[in-house]
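Participant: Once you've had a glance at the structure underneath, I'll fire off some questions.
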Amino acid sequence: QVQLVESGGGLVQPGGSLRLSCAASGFMFSQYAMSWFRQAPGKERELVAGITSDGGSTNYADSVKGRFTISRDNAKNTVYLQMNSVRPDDTAVYYCRGRWALIRVDYWGKGTLVTVSS
């Protein structure tokens with residue numbers, strides 16, 4: 001059974017750091033590009049960061065460049081989002097997505113809530 005399970009969310013103060021994890025199972029993780037999306041209250045879901053299947057290339061939304069880092073460990077079937085210097089407008093539900101373009105398949109996690117507040 002395919003699963004993507006996010007963890008690591010919670011309450012963090014502005015300027016603080018948080019690391020999100022997404023553990024994958026039930027599919028060939030190493031074949032999938034992985035991304036983090038987020039959705040804040042009243043806003044549409046947006047792409048935060050992406051990484052190729054081999055980890056060789058990454059991309060980021062302008063709003064998080066220099067603050068967030070996406071990485072993956074294919075041996076552990078896990079993708080990470082290191083969030084530094086967080087801001088209140090980073091508050092959102094963060095979702096993990098796997099995409100295998102060759103077979104036109106997307107998998108989504110159920111999300112983890114990050115709240116940035118003092």
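Participant: Give region 43-73 a look and list any residue that's touching a Phe, Trp or Tyr at 6+ places or on another chain (Cβ under 7 Å) and more than 15 Å from CYS96 (Cβ to Cβ), or say none.
Facilitator: Within region 43-73, TYR60 is the sole residue that qualifies.
Participant: Follow-up question, since we're still on this one. Can you confirm whether region 32-42 contains a residue that is of a type outside the set (Phe, Trp, Tyr), under 18 Å from TRP100 (Cβ atoms) and touching a helix residue (DSSP H, G or I) at 6+ places or on another chain (Cβ under 8 Å)?
Facilitator: Of all residues in region 32-42, those of a type outside the set (Phe, Trp, Tyr) come to 33-35, 38-42.
Still in the running and under 18 Å from TRP100 (Cβ atoms): 33-35.
From what's left, touching a helix residue (DSSP H, G or I) at 6+ places or on another chain (Cβ under 8 Å): 33.
Yes: region 32-42 contains one or more residues that are of a type outside the set (Phe, Trp, Tyr), under 18 Å from TRP100 (Cβ atoms) and touching a helix residue (DSSP H, G or I) at 6+ places or on another chain (Cβ under 8 Å).
Participant: While we're on this one: Please work out if GLY109 is touching a residue at least 60 places away in the same chain (Cβ under 8 Å), in contact with a Phe, Trp or Tyr (Cβ under 6 Å, 6 or more places away or on another chain), farther than 18 Å from ARG19 by Cβ and surrounded by 18 or more Cβ atoms within 10 Å (Cβ to Cβ).
Facilitator: Criteria not met by GLY109.
Participant: Name every residue in region 68-112 that is under 19 Å from GLY55 (Cβ atoms) and part of a helix (DSSP H, G or I), in order of residue number.
Facilitator: ALA101, LEU102
Participant: Does ASP62 fit the bill of being part of a loop (DSSP other than H, G, I, E, B), touching a helix residue (DSSP H, G or I) at 6+ places or on another chain (Cβ under 9 Å), farther than 17 Å from SER117 by Cα and open to solvent by 60 Å² or more (accessible area, probe 1.4 Å)?
Facilitator: no
Participant: Could you list, in sequence order, the residues of region 65-81 that are loosely packed, with under 15 Cβ neighbours inside 10 Å and either in contact (Cβ under 8 Å) with a residue 60 or more places away in the chain or within 16 Å of LEU20 (Cα to Cα) (or both)? Working first, answer last.
Facilitator: Taking region 65-81 as the starting set, the residues that turn out to be loosely packed, with under 15 Cβ neighbours inside 10 Å are 65-66, 73, 75-76.
Those that are loosely packed, with under 15 Cβ neighbours inside 10 Å and either in contact (Cβ under 8 Å) with a residue 60 or more places away in the chain or within 16 Å of LEU20 (Cα to Cα) (or both): ASP73, LYS76.
Participant: Further question: Give SER117, SER21, SER35 a once-over and let me know the one that is polar (S, T, N, Q), surrounded by fewer than 14 Cβ atoms within 10 Å (Cβ to Cβ) and at pLDDT 95 or above. Quick ask: steps written out before the conclusion?
Facilitator: Numbers: SER21 fails: surrounded by fewer than 14 Cβ atoms within 10 Å (Cβ to Cβ); SER35 fails: surrounded by fewer than 14 Cβ atoms within 10 Å (Cβ to Cβ).
After ruling out the rest, the residue left standing is SER117.
The values are calculated or read from the model by the stated rules, or taken from the named source; none is laboratory data. Source: prediction; values computed, not measured. FYI the Cβ positions are ideal-geometry reconstructions off the backbone, even for glycines, and counts take in every protein chain you see. Areas reflect the complete protein model, heavy atoms only, side chains present, ligands, DNA and RNA absent. Shrake-Rupley method; radii C 1.70, N 1.55, O 1.52, S 1.80 Å.
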